[in-house]
Amino acid sequence: MTTAADNIRERRPENAMHIHDISMQAATSARLYDHFAGGCEAYAIDRDLAARATAVAPWLSWSAHTAREYAHTAVSRILDDTDIRQFLDLGCGLPAADGRPLVELVSKTTQPGPGRSPQYRYVAVDHDPMVIAHVKCWAAETSGDAAVLLDITNANALLDTLQVFDGRPVAVLLHQVLEWIPDDKAVASLLAKIREWLPAGSALSIVHATADAQPEQTAQLVATLAAAGLGFRPRSREEIADLFDGFTHLAPGLSETYSWHSRRATLPKGYSSGYAGIAIKPADGPAGCSVDVV
Ligand SMILES: C[S@@+](CC[C@H](N)C(=O)[O-])C[C@H]1O[C@@H](n2cnc3c(N)ncnc32)[C@H](O)[C@@H]1O
């Protein structure tokens, strides 16, 4: 059977992973999510967990597709409504199964003219080596991109990564990643540092799972994932709103993820949706581009 590692070796030998970097003994959030979003990178251990998770939370595949659609909407909105051309995709995940990784959307929309340098920068960060190897394959086909293997709760290392940006506004994408960091203090501290560092005019786009609509099934989902060694922490609308502290929301504001898409304007009965929002750092906030490293 051809594995993801084989595919990468064929397309970009320099990005080939060492087999010991990839865990096939434990499910990962990246492969699980790829499976729900219609991808084919999941191993048996991920697919088994996906089946158990779907038995208690039948909306998971719908929710993954809805969130992926939101990601494209968010990037398009940022490109259309702002001058931002620098993107930092934290917990970027495996490229979408429909062949439209966000880097491709950004690069196509900001195509430079002949002989001009790229007008955008896209930096993808993830702590999963399999994800980073995949992203490097896509990123190598464009320029202005970087893929960084990093745990985003390591604030010092993350702030080092931010040095690649040039002082102009940046869009930080945190799509379906913060719920995989159960430590509330770590999430609050990460977001405080990001908000402080960002230059005025920067954007923060967050999609986050919640238990608000289906508290009982979501509690069973959390227990199912925990039994498989995956920490999962859905957060309430108020907790997610706090992550944008001091930023100004673009319309429609922090809303259920499905409601960003007019053709999915209603929540299917018995389903749960996360919340999604894009907000801009106002000009009167802290100056940005510097933050104390502790
Ligand atoms: C559910 S996937 C979402 C992927 C992508 N953002 C999307 O919306 O399609 C979560 C991703 O976050 C990554 N992740 C989880 N915790 C992380 C951490 N502490 N540091 C970096 N990446 C993390 C996982 O490896 C995974 O690729």
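Residues in region 270-293 that are among the aliphatic types (A, V, I, L, M), surrounded by 11 or more Cβ atoms within 10 Å (Cβ to Cβ) and either within 30 Å of Ser61 (Cα to Cα) or modelled with pLDDT of 60 or more (or both): Ala276, Ile278, Ala279, Ile280. Gly246 falls short on exactly one of the conditions (1) on the phi > 0 side of the Ramachandran plot; (2) in a helix (DSSP H, G or I), and that condition is (2). Of the residues making up region 233-241, one or more are modelled with pLDDT of 95 or more, within 13 Å of the ligand (Cβ to nearest atom) and of a type outside the set (D, E, K, R). Residue count for region 195-223 under the criterion of being in a helix (DSSP H, G or I) and touching a residue at least 24 places away in the same chain (Cβ under 8 Å): the result is 7. State whether one or more residues within region 198-219 are of a type in the set (A, V, I, L, M, F, W, C), touching a helix residue (DSSP H, G or I) at 6+ places or on another chain (Cβ under 8 Å), over 15 Å from Phe244 (Cα atoms) and within 12 Å of the ligand (Cβ to nearest atom). Yes: region 198-219 contains one or more residues that are of a type in the set (A, V, I, L, M, F, W, C), touching a helix residue (DSSP H, G or I) at 6+ places or on another chain (Cβ under 8 Å), over 15 Å from Phe244 (Cα atoms) and within 12 Å of the ligand (Cβ to nearest atom). Give all pairs with beta carbons closer than 6 Å in which a residue from region 151-165 that is among the aliphatic types (A, V, I, L, M) meets a residue that is within 11 Å of the ligand (Cβ to nearest atom) and in a helix (DSSP H, G or I); count only pairs at least 6 apart in sequence or on separate chains. Partner pairs satisfying both residue conditions: Ile152/Leu158.
A residue that is at pLDDT below 75 and in a loop (DSSP other than H, G, I, E, B) cannot be found anywhere in region 53-60. Does Glu179 satisfy the condition of being at pLDDT 95 or above, of a type in the set (D, E, K, R) and out of contact with any Ser or Thr (no Cβ under 6 Å at 6 or more places or on another chain)? Yes.
For Leu49, the conditions (1) within 10 Å of the ligand (Cβ to nearest atom); (2) crowded, with 23+ Cβ neighbours inside 10 Å; (3) of a type outside the set (Lys, Arg); (4) farther than 14 Å from Leu173 by Cβ are fulfilled apart from (1).
I want to confirm something. Restricting to region 123-145 and keeping residues that are touching an Asp or Glu at 6+ places or on another chain (Cβ under 6 Å) and within 13 Å of the ligand (Cβ to nearest atom), which single residue is modelled with the highest pLDDT? Checked region 123-145; the qualifying residue modelled with the highest pLDDT is His127. Please verify whether Ala226 is outside any loop (DSSP other than H, G, I, E, B), on the phi < 0 side of the Ramachandran plot, free of Cβ contacts under 8 Å to residues at least 12 places away in the same chain and within 13 Å of the ligand (Cβ to nearest atom), treating the condition exactly as stated. Here the answer is no, as Ala226 does not meet what is asked.
The values are calculated or read from the model by the stated rules, or taken from the named source; none is laboratory data. Given the structure is predicted, the values throughout are model-derived calculations rather than measurements. Neighbour counts run over all protein chains shown; Cβ positions are idealised from the backbone, glycine included.
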